[in-house]
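Working notes for the structure below.
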């Protein structure tokens with residue numbers, strides 16, 4: 001009997017050793033050539049790994065708390081780590097509010113030749129502000145080392161660079177071209193992480209072709225010796241409202257309407273459209289939404305048709321000991337554990353935090369903090385600021401597995417390997433009900449998806465859809481949740497590389513001088529496409545039509561939703577009515593005017609929902625328009641002119 | 001912990017210290033970038049110098065200098081206040097080709113940066129009108145290049 005037990009234990013040990021080098025549950029044996037003390041091991045070597053649910057949900061501490069975590073939603077990274085693929089040879093650049101270069105869990109991976117501080121004009125990117133911990137948290141999610149200390153990044157052997165780039169205390173605007181690959185310290189970047197963005201409460205003019213940031217991003221294909229770099233960018237946290245600030249201080253929350261139905265209110269639209277920051281319309285920009293540990297869109301995560309992929313960002317409020325308290329339904333749950341500015345006098349984990357706002361782990365001097373985080377070197381952070389670096393980490397693993405991937409290949413693999421999540425969300429919480437366009441803002445009983453010219457109600461959310469090329473897309477999740485194992489496997493097998501040149505097409509004339517009717521669905525018109533090349537993004541540029549007289553012709557885009565139907569019958573909601581441009585609070589500084597656009601500016605929207613479709617044929621553009629508020633500055637019966645351009649999928 | 005809700009206490013005031021010496025009559029009341037002018041202020045703004053860039057129109061609120069060089073405050077048609085460093089960006093053009101095309105503009109620039117690995121050239125002009133004129137002309141002369149007159153309407157913040 002004892003011999004049998006001993007034999008069984010030996011066999012078990014052998015199997016364990018083999019699986020540790022074979023990608024976990026993989027049925028095929030995969031060799032691991034990594035060397036060193038942590039070779040071919042997962043993050044289980046790190047003391048805080050149990051809180052890193054995004055890396056292993058099933059064995060996470062939070063798996064024991066079903067109201068906040070489902071125990072299955074993660075990025076599927078362990079099989080990749082067990083193969084010894086941990087980001088080796090890949091340069092990641094974190095552009096943020098700084099990066100603490102001497103952090104105990106980061107410094108092993110930081111390349112001092114890849115750091116910069118636009119505030120001090122030195123190579124020390126460590127921020128000076130006590131609360132400037134954002135970039136250090138972002139960096140840890142990607143690149144915290146595997147060393148038996150703290151947490152582990154998704155790519156724990158990546159080469160890390162970073163810059164003090166945003167939030168400059170002298171009010172200067174950092175040099176975007178330098179940061180985006182044009183300086184010695186940034187030029188060798190493979191992947192940029194941009195957990196920042198601009199927000200607008202009025203439509204912003206797309207031109208004067210107007211942004212140095214757009215020019216720099218359009219030049220990314222020149223980097224990596226012509227293979228091209230990508231930038232992973234947060235979709236923003238403006239689903240509920242936009243916090244308006246002035247000189248850095250909070251002024252008021254720019255809200256959006258809630259929709260009433262049977263005595264309750266529902267939040268059906270993303271207050272801000274990610275495309276409002278027009279750099280998100282650029283193809284090398286991988287726009288990333290956030291999901292929580294329950295496998296559902298994070299409550300704050302902005303939604304729109306330029307979202308490419310979803311990463312993990314956790315929920316709005318993280319309370320209890322580690323973030324296990326409350327429920328995801330109440331916007332509570334764990335966030336993403338990471339590195340923080342070191343010491344309990346600064347960062348997000350520090351003395352004086354309140355249990356009403358922070359988990360005990362973050363409260364300097366609390367018993368939990370003393371036991372697990374006594375020097376406050378670690379923290380947790382939410383937001384699409386967190387989901388973006390989780391995807392950046394996955395991209396680093398892909399490039400580590402196959403350094404020959406070009407920028408289009410990276411996007412392609414992320415898209416093709418993404419997992420559909422929350423497939424029925426479009427039918428939940430009355431999202432499938434039509435919105436009344438004259439009775440602001442209420443829902444009707446109808447759930448029809450048909451767009452009827454002249455109708456006074458319409459669906460404004462279609463949930464997940466399968467387009468004419470068979471691709472599933474959602475404004476909440478893009479193509480779905482990133483999957484590291486599937487992405488790395490595809491990267492390793494990838495042999496036919498896409499061209500890296502970025503051809504920016506010119507806008508073609510689409511619809512001229514078509515009348516908008518507030519309170520109705522209005523077919524603005526059709527435009528015809530002759531190309532048969534599979535498409536990537538389509539962009540529509542709107543202007544209020546010029547009138548022969550000086551009569552005003554402002555169109556209030558806060559009330560006007562733009563829906564587009566492809567020749568193959570797919571429908572994309574490029575913007576919703578009742579967005580942040582629509583509303584107005586009583587705050588004296590709330591100067592919103594209905595989101596008016598005139599004839600001398602261009603309002604551009606984009607969509608990935610038709611990805612892969614043959615665009616040949618007639619496209620139909622609809623204005624699904626609510627009724628503007630009386631305070632809006634809208635012309636009666638305004639007319640819109642629209643141009644379009646289509647990027648090929650290559 | 002609500003990092004993105006965290007109120008960013010970094011003051012942008014210093015940016016506007018450099019605007020004190022601005023020459024326009026509106027200079028003392030120029031609001032921060034990203035803010036929206038009232039309808040009456042917009043009417044006043046539309047009497048100022050107009051800058052045309054493609055289909056878009058901007059009006060100059062003030063001109064001056066910041067610590068990093070020339071600075072022009074503008075307002076767009078929606079009434080949003082923006083900032084230009086009087087820069088012209090020429091992208092998607094090899095540097096040697098760009099140099100040949102921009103030679104005649106150099107006398108009106110305060111600096112030129114060549115970013116070879118990105119095929120980008122950044123020209124900074126003394127005056128926004130010269131920058132806008134250069135953009136219009138270079139777009140014709142360099143049809144394969146992407147030429148922009150950047151205006152910043154918002155400061156990025158953690159998201």
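Quick notes on this one:
- Selection of segment A:342-375 for residues being surrounded by 21 or more Cβ atoms within 10 Å (Cβ to Cβ) and either within 12 Å of another protein chain (Cβ to nearest Cβ) or under 15 Å from residue A:49 (Cα atoms) (or both) yields A:347, A:348, A:349, A:350, A:353, A:358, A:359, A:360, A:361, A:362, A:363, A:373.
- Conditions (1) out of contact with any strand residue (DSSP E or B) (no Cβ under 6 Å at 6 or more places or on another chain); (2) touching a residue at least 12 places away in the same chain (Cβ under 8 Å); number of the one not met by residue A:493: (2)
- For segment A:101-219, the strands (runs of 3 or more DSSP E) that sit wholly inside it and include 3 or more residues that are in contact with a helix residue (DSSP H, G or I) (Cβ under 9 Å, 6 or more places away or on another chain) and surrounded by 24 or more Cβ atoms within 10 Å (Cβ to Cβ) are A:159-164, A:191-194.
- Search result, residues across segment A:44-61 that are farther than 16 Å from residue A:368 by Cα and touching a strand residue (DSSP E or B) at 6+ places or on another chain (Cβ under 7 Å): A:52, A:54
- On the stretch given as segment B:34-51, residues that are assigned to a strand (DSSP E or B), facing chain A (nearest Cβ under 9 Å) and within 16 Å of the chain's Cα centre (by Cα) total 1.
- Unmet criterion (only one of (1) within 20 Å of residue A:289 (Cβ to Cβ); (2) assigned to a loop (DSSP other than H, G, I, E, B)) for residue A:398: (2)
Residues are listed down the side, and each one gets a yes or a no for (1) part of a strand (DSSP E or B); (2) within 14 Å of another protein chain (Cβ to nearest Cβ); (3) surrounded by fewer than 21 Cβ atoms within 10 Å (Cβ to Cβ):
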| residue | (1), (2), (3) |
| --- | --- |
| A:250 | yes, yes, yes |
| A:253 | yes, yes, yes |
| A:257 | no, no, no |
| A:265 | yes, no, yes |
| A:268 | no, no, no |
| A:272 | no, yes, no |
| A:280 | no, yes, no |
| A:283 | no, yes, no |
| A:286 | yes, no, no |
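- If the condition is being at positive phi and touching a residue at least 60 places away in the same chain (Cβ under 8 Å), then segment A:372-392 contributes only A:383.
- Residue in segment A:300-310 that is in the same structural domain as residue A:410 (by TED's automatic domain parsing), out of contact with any strand residue (DSSP E or B) (no Cβ under 9 Å at 6 or more places or on another chain) and in contact (Cβ under 8 Å) with a residue 12 or more places away in the chain present: no
- Single condition residue B:114 does not satisfy, out of (1) within 12 Å of chain A (Cβ to nearest Cβ); (2) modelled with pLDDT under 90: (2)
- Residues (in a helix (DSSP H, G or I) and either surrounded by fewer than 24 Cβ atoms within 10 Å (Cβ to Cβ) or within 14 Å of chain B (Cβ to nearest Cβ) (or both)) located in segment A:381-390: A:384, A:385, A:386, A:387, A:388, A:389
- Count of segment A:131-159 residues which are in contact with a strand residue (DSSP E or B) (Cβ under 9 Å, 6 or more places away or on another chain) and more than 10 Å from every other protein chain (Cβ to nearest Cβ): 13
- Residues that are under 27 Å from residue A:190 (Cα atoms) and in a strand (DSSP E or B) were ranked within segment B:124-151; the one that is nearest to the other protein chains (Cβ to nearest Cβ) is B:148.
- Filtering A:505, A:577 for residues that are assigned to a loop (DSSP other than H, G, I, E, B), touching a strand residue (DSSP E or B) at 6+ places or on another chain (Cβ under 7 Å) and away from chain B (no Cβ under 14 Å) leaves a single hit, A:577.
- For segment A:410-435, a residue qualifies if it is in a helix (DSSP H, G or I) and touching a helix residue (DSSP H, G or I) at 6+ places or on another chain (Cβ under 8 Å), and the qualifying residues are A:410, A:413, A:414, A:416, A:417.
- Single match in A:429, A:440, A:436, A:475 (criterion: under 23 Å from residue A:583 (Cβ atoms) and crowded, with 23+ Cβ neighbours inside 10 Å): A:475
- For segment A:619-628, the tally of residues that are outside any loop (DSSP other than H, G, I, E, B) and either farther than 15 Å from residue A:572 by Cα or outside the structural domain of residue A:524 (by TED's automatic domain parsing) (or both) stands at 1.
- Among the numbered conditions (1) out of contact with any helix residue (DSSP H, G or I) (no Cβ under 9 Å at 6 or more places or on another chain); (2) surrounded by fewer than 24 Cβ atoms within 10 Å (Cβ to Cβ); (3) in a loop (DSSP other than H, G, I, E, B), the only one that residue A:582 does not meet is (2).
- Note on segment A:629-643: residues that are under 30 Å from the mean Cα position of the chain (by Cα) and buried (at least 22 other Cβ atoms within 10 Å of the Cβ) amount to 1.
- Test: residue in segment B:89-111 that is within 11 Å of chain A (Cβ to nearest Cβ), under 24 Å from residue A:276 (Cβ atoms) and under 18 Å from the mean Cα position of the chain (by Cα): yes
- Residue within segment A:345-367 that is in a helix (DSSP H, G or I) and more than 25 Å from residue A:234 (Cβ to Cβ) present: yes
The values are calculated or read from the model by the stated rules, or taken from the named source; none is laboratory data. Keep in mind that what you see is a predicted model, and the values were worked out from it rather than measured. Neighbour counts run over all protein chains shown; Cβ positions are idealised from the backbone, glycine included.
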